[in-house]
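**Q** Input: one structure, supplied below.
The values are calculated or read from the model by the stated rules, or taken from the named source; none is laboratory data. All of these numbers come straight from a predicted model, not from anything done at the bench. All Cβ positions, even for glycine, are placed from backbone atoms using ideal geometry, and neighbour counts span all protein chains on display.
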């Protein structure tokens, strides 16, 4: 495994806090800093495409991913992303073919995967206790293998966004117009859903099933209030998600706070959202909206 | 372009029943008919958005390449809160480098030229959510023209636009069709617009009731057959010389050739 220690050793020099002297905190920070740009970029489209419910369904498929891992005696680090990916692609395929509305289709998959996961998990009381990790997230136990997987995912995702951000906006505006105007709508939708599924599953480790959608939509929602253009929205989302993760992690490690990291990160992001709403309100009043 | 025995059935209900019609090259063809006649479905079949049986041939005399289509939808359903400016929308289909690195100069110039041509220059920095119905239709027209289409497809192009705006929109389209030489296919249930601008009309009510130049097709008998009773609205004798009566000089010249 290539060396990550160089990065970890840099952290206490850049952030001279007592809590940052510990290796698990350094790993957690690197993990969150890798996750921040991913949730920011993907979140912009989650908000523009109204896919918050989709992200929710994928995050809940984490239960089933864990359950499948138990059945086949495979590490959940493999079964969760693979199962999440399959659920994501299955939802997009059904949406494209079915006459049912999108939220109904997602709702059906959502219930199915959660029920299956709970059914398997409820058979074993020890596992039921372990499931709590996935409900609230556990960024502090992140390992080097996870970090390498996130580096690879960030690279692929950045390539996709650099290549497809504009076309994705086109599809977000109206898929039929985009398709007639020679945008490969289906390909973009499948690739996006696949990448989003991976991002959601990695976020589950960081902030837990209950807060994963927040991690995707709050920075993007705040960015929407701050930005005046589609290009600017990305920069704002990056700023909000990166600062929220770093500040959230630092606060959660303070003795006076002692809070769960995932929840603290989301609270900082929510603070950003409140500020952005104020900015939007003032701007609206000035322009007489 | 020709439709040959196109049938569309959705959920066990026949929406189009063996529709055969043609769209002459360079024409302004209008599909007219009452609500529920299958007008929009006919366009969607053409665009490959609904499954159909039969055949739709789109080709141009003496050319092998696949023809480019520009599409202006009926009232665009979109998220009005999206921070997307008119200029950004115009370049999303052309520019590869992501918009967060800004709009490239050559695409900006091309977009501005198109916006000027549909008379909405000055709006490029506005959010699309802040535009009026008429402005959005024009921006969408500019977007479709940016495809340099051989065939421009419009679904109720002037819906949500007041009468004056509608007239201006159609005049603009007529002028552009003559300048750029594309074929225009539009859906309308607004007969005055059709009689004023179309050079070829397809009367549709699940089946094709009649097809041809407006004066020949828009007779009291046909209109009563497809729309029902109240059809004193269009008097075919009012159509000058059986040609389209658009005031744009190139349009009347174009229809003389039809």
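**Q** Can you tell me how many residues in the stretch A:268-289 are part of a helix (DSSP H, G or I) and surrounded by fewer than 19 Cβ atoms within 10 Å (Cβ to Cβ)?
**A** 14
**Q** Looking at the stretch B:92-102, which of its residues are farther than 19 Å from residue A:158 by Cα and more than 7 Å from chain A (Cβ to nearest Cβ)?
**A** Scanning the stretch B:92-102 gives a single hit, B:94.
**Q** Further, regarding this structure: Within the stretch A:173-180, is there a residue that is more than 8 Å from chain B (Cβ to nearest Cβ), modelled with pLDDT under 90 and assigned to a helix (DSSP H, G or I)?
**A** Yes, there is a match, as at least one residue in the stretch A:173-180 is more than 8 Å from chain B (Cβ to nearest Cβ), modelled with pLDDT under 90 and assigned to a helix (DSSP H, G or I).
**Q** Failed condition for residue A:155, given (1) away from chain B (no Cβ under 13 Å); (2) under 28 Å from residue B:71 (Cα atoms); (3) free of Cβ contacts under 8 Å to residues at least 12 places away in the same chain, with all others met?
**A** Status for residue A:155: all satisfied but (2).
**Q** Considering only residues of the stretch A:215-245 that are in a helix (DSSP H, G or I) and facing chain B (nearest Cβ under 8 Å), which is nearest to residue A:41 (Cα to Cα)?
**A** A:234
**Q** If you don't mind, there's one more thing I want to ask. Among the residues of the stretch B:3-43, write down those that are surrounded by fewer than 20 Cβ atoms within 10 Å (Cβ to Cβ), without any contact (Cβ under 8 Å) to a residue 60 or more places away in the chain and within 14 Å of chain A (Cβ to nearest Cβ).
**A** Hits for the stretch B:3-43 are B:9, B:10, B:11, B:12, B:13.
**Q** Name every residue in the stretch B:65-90 that is touching a strand residue (DSSP E or B) at 6+ places or on another chain (Cβ under 7 Å) and buried (at least 18 other Cβ atoms within 10 Å of the Cβ), in order of residue number.
**A** B:69, B:70, B:71, B:72, B:73, B:83, B:84, B:85
**Q** Taking strands (runs of 3 or more DSSP E) that do not extend beyond the stretch B:143-228, which have at least 3 residues that are crowded, with 21+ Cβ neighbours inside 10 Å?
**A** B:151-155, B:183-188, B:200-205
**Q** Name the residue that is surrounded by the most Cβ atoms within 10 Å (Cβ to Cβ), counting only residues in the stretch B:103-113 that are within 14 Å of chain A (Cβ to nearest Cβ) and assigned to a helix (DSSP H, G or I).
**A** Across the stretch B:103-113, the extreme among qualifying residues is B:111.
**Q** Related question: Among the candidates B:88, B:49, which residue alone is touching a residue at least 12 places away in the same chain (Cβ under 8 Å), within 30 Å of residue A:220 (Cβ to Cβ) and within 13 Å of another protein chain (Cβ to nearest Cβ)?
**A** The conditions single out B:88.
**Q** Another one. List the number of the failed condition for residue B:70; all other conditions in (1) assigned to a loop (DSSP other than H, G, I, E, B); (2) within 14 Å of chain A (Cβ to nearest Cβ) hold.
**A** Looking at each condition in turn, residue B:70 falls short on (1).
**Q** While we're on this one: Filter the stretch B:54-64 for residues that are surrounded by fewer than 12 Cβ atoms within 10 Å (Cβ to Cβ) and touching a residue at least 24 places away in the same chain (Cβ under 8 Å); which is farthest from the other protein chains (Cβ to nearest Cβ)?
**A** B:61
**Q** Test each condition in (1) exposed (fewer than 15 other Cβ atoms within 10 Å of the Cβ); (2) assigned to a loop (DSSP other than H, G, I, E, B) for residue B:116 and report the one that comes out false.
**A** So the condition that residue B:116 fails would be (2).
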